[in-house]
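The values are calculated or read from the model by the stated rules, or taken from the named source; none is laboratory data. Predicted, not measured: the structure shown is a model, and the values here were computed from it. Neighbour counts run over all protein chains shown; Cβ positions are idealised from the backbone, glycine included. Protein only, heavy atoms only, side chains kept; ligands, DNA and RNA dropped before computing areas. Shrake-Rupley method; radii C 1.70, N 1.55, O 1.52, S 1.80 Å.
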Amino acid sequence: MKNELITQSKKSILNYIADLKLQTGDTLPSIRQLQSVLLLSKNSAMAALKELCSDGILVKGDGARNGFIIHELPESETPAHKGKKLTAKFILPYNTWNYVGNQFLFHIEKEFSSRSGNLLLSNTENSPVIEHRLLQTLLAADTPRPDILLLMASNSIQNMNLNLLHIIQNEIPIILIDRTVRDLDCCSVCLNNRMVGMDAARKLWDRGHRVFAFVGGFSSISPIQDRLTGYLSMLREKECAPDHTHVILDPDMDMG
């Protein structure tokens, strides 16, 4: 890993300690929390924490969950992010516009605009193959790397890009938006789609309905699968046997 990347990560952690006015003996948040708050990759966060231990500022607590403890308060640092423009790569499926996606994009664009940040948009067309190609470009040697990767849903419930995402996560922090990826430990911002499916079916039940159907387009993306799980859970909760012929999933359905 490049020395300047580790140095920058160390400064971010030191500034974080100063901003929160942490004291000797205090324990830092988990590595995952530091990654999220400071926009660090897992590798750079780990390397920076290791060097801070070597510098005598931190010590590793006993046990797997004790984390890193402040041994000696560092000298005050100038904020590492001061004057820096944040660049984010936002990969999303333009052809699956919905209320949730629009709201996320609206607020993210507003935040970046207010801070003069750079927001780079790319379209997967809901294709895991296109998503794979876009993710590969992030690792290309001649491509400037963003500070953070924002990734929305793609038609890839089997997570064909999981290995590539693991590689990217070592270099760039990832935030999933309205998407879940099993076996990828990263931050996410999303609806509880399982609860959405359950709540919608329960409201119909409370109105006296006893025959249900679930119809979903783009059925391979995780939000739709989660809603289906919630719908079926509600029926089982009411001891109402689901009719599987009433579950209609069509990946080619025209959402318009």
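Within the stretch 3-36, how many residues are farther than 16 Å from D185 by Cβ, part of a helix (DSSP H, G or I) and of a type outside the set (D, E, K, R)? Break it down into steps so the answer makes sense when it comes.
Going residue by residue through the stretch 3-36, those that are farther than 16 Å from D185 by Cβ are 3-28.
Narrowing the set further to residues that are part of a helix (DSSP H, G or I) leaves 3-19.
Pick out the ones that are also of a type outside the set (D, E, K, R) and you get 3, 5-9, 12-18.
Residues flagged as farther than 16 Å from D185 by Cβ, part of a helix (DSSP H, G or I) and of a type outside the set (D, E, K, R) within the stretch 3-36 amount to 13.
Considering each residue of the stretch 120-178, count those that are touching a Pro at 6+ places or on another chain (Cβ under 7 Å), in a loop (DSSP other than H, G, I, E, B) and β-branched (V, I, T), and give that number.
2
Let's see how each residue does on (1) over 20 Å from the mean Cα position of the chain (by Cα); (2) over 23 Å from N159 (Cβ atoms); (3) not in a loop (DSSP other than H, G, I, E, B):
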{"site": "L191", "(1), (2), (3)": "no, no, no"}
{"site": "R202", "(1), (2), (3)": "yes, yes, yes"}
{"site": "R210", "(1), (2), (3)": "yes, yes, no"}
{"site": "P223", "(1), (2), (3)": "no, no, yes"}
{"site": "T229", "(1), (2), (3)": "yes, no, yes"}
{"site": "R236", "(1), (2), (3)": "yes, yes, yes"}
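Got at least one residue in the stretch 141-158 being within 23 Å of V37 (Cα to Cα) and over 17 Å from the mean Cα position of the chain (by Cα)?
Yes, because at least one residue in the stretch 141-158 is within 23 Å of V37 (Cα to Cα) and over 17 Å from the mean Cα position of the chain (by Cα).
R182 versus (1) part of a loop (DSSP other than H, G, I, E, B); (2) of a type outside the set (D, E); (3) in contact (Cβ under 8 Å) with a residue 24 or more places away in the chain; (4) at negative phi: which is the lone unmet condition?
(3)
Among what's in the stretch 42-69 and is closer than 19 Å to D147 by Cα and open to solvent by 30 Å² or more (accessible area, probe 1.4 Å), pick the residue that is modelled with the lowest pLDDT.
K42
Looking at (1) at pLDDT 85 or above; (2) surrounded by fewer than 19 Cβ atoms within 10 Å (Cβ to Cβ), can you tell me which one N193 breaks?
The number of the failed condition is (2).
Find all pairs meeting these conditions: Cβ atoms under 6 angstrom apart; at least six residues apart or on different chains; first residue within the stretch 209-232 and β-branched (V, I, T); second residue part of a strand (DSSP E or B).
Correct list of pairs: V215/I248; I224/G216.
Consider the stretch 154-174. How many of its residues are under 24 Å from G217 (Cα atoms) and surrounded by 15 or more Cβ atoms within 10 Å (Cβ to Cβ)? Step through it out loud before you land on a result.
Filtering the stretch 154-174 down to residues under 24 Å from G217 (Cα atoms) leaves 154-162.
Right, trim to surrounded by 15 or more Cβ atoms within 10 Å (Cβ to Cβ) and you get 154-157, 159, 161.
Counting residues in the stretch 154-174 that are under 24 Å from G217 (Cα atoms) and surrounded by 15 or more Cβ atoms within 10 Å (Cβ to Cβ) gives 6.
Tell me which residues, restricted to the stretch 1-41, are surrounded by fewer than 20 Cβ atoms within 10 Å (Cβ to Cβ) and charged (D, E, K, R).
K2, E4, K11, D19, K21, D26, R32
Looking at the stretch 86-104 only, could you name the residues that are assigned to a helix (DSSP H, G or I), surrounded by 16 or more Cβ atoms within 10 Å (Cβ to Cβ) and either at pLDDT 85 or above or in contact with a strand residue (DSSP E or B) (Cβ under 7 Å, 6 or more places away or on another chain) (or both)? Before you say what the answer is, go through the steps one by one.
First pass over the stretch 86-104, keeping only residues assigned to a helix (DSSP H, G or I): 94-96, 99-104.
Subset that is surrounded by 16 or more Cβ atoms within 10 Å (Cβ to Cβ): 96, 100-101, 104.
Result: G101, F104.
Give the residue that is nearest to V181 (Cα to Cα), with candidates limited to residues of the stretch 207-239 that are surrounded by 16 or more Cβ atoms within 10 Å (Cβ to Cβ) and among the β-branched types (V, I, T).
I221
Scan (1) free of Cβ contacts under 8 Å to residues at least 40 places away in the same chain; (2) open to solvent by 80 Å² or more (accessible area, probe 1.4 Å); (3) out of contact with any strand residue (DSSP E or B) (no Cβ under 9 Å at 6 or more places or on another chain) for the single condition D199 breaks and write down its number.
(2)
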